[in-house]
């Protein structure tokens, strides 16, 4: 016998918490500004609760860190990695705040397929990348587990 499933709740009624779906997306002014090409720093300054703006800042800093690694400039690599870590940590915490307001209890699905969730998830990914640059292996492991819990396709 097959039990009908609700995709927002996972594979079955007893499988665990419902997926958390953040509000926002295409109608969110910060997301619209980023899509229109407004610099991420401008968006983060005007909408500091936007995890996506912080994630973009972190990703840009990580790209600079990678270029510095390629150039063999370890001082610049670390400088950019630390900036990426700070940006990503901010986006991560702003995302946690939003998730908790949406009923998330610290575990369970936060699907990538839901556009408004991507700012938080990208912040987590960027934080893991920055943590790797600075040698914080325990943080990398913890963040990989968090991503796998939120959306196994990201693991």
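The values are calculated or read from the model by the stated rules, or taken from the named source; none is laboratory data. Here the structure is a predicted model, which is why all the values come from computation and not from measurement. Neighbour counts run over all protein chains shown; Cβ positions are idealised from the backbone, glycine included.
Okay, residues lined up against (1) under 15 Å from residue 19 (Cβ atoms); (2) assigned to a helix (DSSP H, G or I):
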| residue | (1), (2) |
| --- | --- |
| 75 | no, yes |
| 81 | no, yes |
| 106 | yes, no |
| 126 | no, yes |
| 135 | no, no |
| 139 | no, yes |
| 143 | no, yes |
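For region 108-155, enumerate the residues that are closer than 24 Å to residue 81 by Cα and without any contact (Cβ under 8 Å) to a residue 12 or more places away in the chain.
Matches in region 108-155: 132, 135, 136, 137, 138, 141, 142, 145, 148, 155.
Inspect region 33-51 for any residue being in contact with a helix residue (DSSP H, G or I) (Cβ under 6 Å, 6 or more places away or on another chain), farther than 21 Å from residue 89 by Cα, surrounded by 14 or more Cβ atoms within 10 Å (Cβ to Cβ) and at pLDDT 95 or above and give the result as yes or no.
yes
Inspect region 109-120 for any residue being farther than 30 Å from residue 16 by Cβ and assigned to a loop (DSSP other than H, G, I, E, B) and give the result as yes or no.
The first filter runs over region 109-120 and keeps only residues farther than 30 Å from residue 16 by Cβ, leaving none.
No, region 109-120 contains no residue that is farther than 30 Å from residue 16 by Cβ and assigned to a loop (DSSP other than H, G, I, E, B).
Does residue 155 fit the bill of being modelled with pLDDT of 95 or more, on the phi < 0 side of the Ramachandran plot and touching a helix residue (DSSP H, G or I) at 6+ places or on another chain (Cβ under 9 Å)?
Criteria not met by residue 155.
How many of the residues making up region 99-139 are more than 12 Å from the chain's Cα centre (by Cα) and either more than 29 Å from residue 68 (Cα to Cα) or buried (at least 18 other Cβ atoms within 10 Å of the Cβ) (or both)?
Matching residues across region 99-139 total 15.
When the residues of region 34-56 are filtered to those that are part of a loop (DSSP other than H, G, I, E, B) and touching a residue at least 40 places away in the same chain (Cβ under 8 Å), which remaining residue is nearest to the chain's Cα centre (by Cα)?
Looking at residues that are part of a loop (DSSP other than H, G, I, E, B) and touching a residue at least 40 places away in the same chain (Cβ under 8 Å), I get 50.
Quick check on my filter: what residues within region 57-84 are within 12 Å of the chain's Cα centre (by Cα) and either surrounded by fewer than 23 Cβ atoms within 10 Å (Cβ to Cβ) or over 15 Å from residue 121 (Cβ atoms) (or both)?
As a first pass, look at region 57-84 and keep what is within 12 Å of the chain's Cα centre (by Cα): 57-59.
Result: 57, 59.
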